[in-house]
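Taking it in order: structure first as structure tokens, then the write-up.
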Amino acid sequence: MRSSLAQYRRQVALDQNALRLLLGTDIPAGLSNGLPEQDLTLLASLGADMPSSLLTRRPDILAAEHALKAANANIGAARAAFFPSISLTANAGSMSSSLNKLFDGGSGTWLFQPSINLPIFDFGSREAQLDVAKVQEKIEVATYEKAIQTAFKEVSDGLVAQDGYREQLQAQQALVDANKTYYQLAQSRYEKGVDSYLTLLDAQRSLFTAEQGLVSTRLALLSNRVSLFKAVGGGWQQK
């Protein structure tokens, strides 16, 4: 336990140094001494009915759209053709059925078929009437479509992982509670001479291992929220 404590203190110190470097100042007081039961509130979870339009703020999608603009493309037409307009989340911030249907179950294959029925490139009235085959040959269009697919996949992966981590956290907390009871009973039985000290040590070790698992699961859930924050382009509020 002392060895693990030294390891975690070292890691906390390194993380605090990284935060100071990122912020360019000292760490705000509210973040430096957060209790384990409070750390999950540091990053808000997704709400219900988050629109897919949030993803248009992602740097990779913005870069792809700028490349389209450089090729004299109509961004509104490109979005209408390639960007699914759906809700990303359902109740309690879980994945919506619309998002789930964008990918073939289990294979991750993109199922959304763009309907290119609008002139995307604006080279003139005649040249703008490019057929689907010619439009798809454009590398800028392919890059844009790939950026959109990647964005939706990252959000989908994050929401799937979030549901799993929530379930895992509840199970791990139940395991900690059970081990606490086991440790208290073992301590009482040892003090009354019913069990040996070895049984008490085993109960203590089991509790310590369960608590380590709980901390790791909390960390995984928070890391997943950071990934979701990044996947939707930075925050949940639509601008």
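Taking Cα centroids, how far is segment 213-231 from segment 14-30 in Å? So the two Cα centres are separated by 19 Å.
Distant-in-sequence amide contacts of Thr89, defined by a placed amide H-H separation under 5 Å and a gap of 5 or more residues or a different chain, comprise Asp49, Met50, Ser96. Sorted ascending by nearby beta carbons within 10 Å, beginning with the fewest, Leu46, Leu185, Leu21, Leu219 become Leu21, Leu219, Leu185, Leu46.
Residue-wise HN-Hα couplings along segment 210-223, as the Karplus relation 6.51 cos²θ - 1.76 cosθ + 1.60 with θ = phi - 60° gives them from phi, are 5, 5, 4, x, 5, 4, 5, 5, 4, 4, 5, 5, 5, 4 Hz; Gly and Pro carry x.
Going 7 Å from the Cα of Phe112 along its beta-carbon direction, which residues of segment 59-85 have the amide nitrogen within less than 11 Å of the resulting point? 79-85, by backbone N distance to the label point. The Thr143 and Ala48 beta-carbon pair, evaluated with R₀ = 25 Å, returns a calculated FRET efficiency of approximately 0.20. Computed extension length for Gln204-Ile27: 60.3 nm, one decimal, from 0.36 nm per residue of separation with the Cα-Cα distance subtracted.
Working from label points 7 Å from Cα in the Cα-to-Cβ sense, the Ala220 to Arg20 distance is 3.2 nm.
Between Ala70 and Ser227, the simple label model (points 7 Å from Cα in the Cβ direction) yields a spacing of 3.1 nm.
Using θ = phi - 60° in the Karplus curve 6.51 cos²θ - 1.76 cosθ + 1.60, the 3J(HN,Hα) couplings for segment 163-174 round to 4, x, 5, 4, 5, 5, 5, 4, 5, 5, 5, 5 Hz; x is entered for Gly and Pro.
Rule-based calculations on the coordinates, nothing more; no lab input. Since the structure is predicted, the reported quantities are computational estimates derived from the model, not experimental observations. Counting neighbours? That spans all protein chains shown, and the Cβs are built from the backbone with ideal geometry, glycine included.
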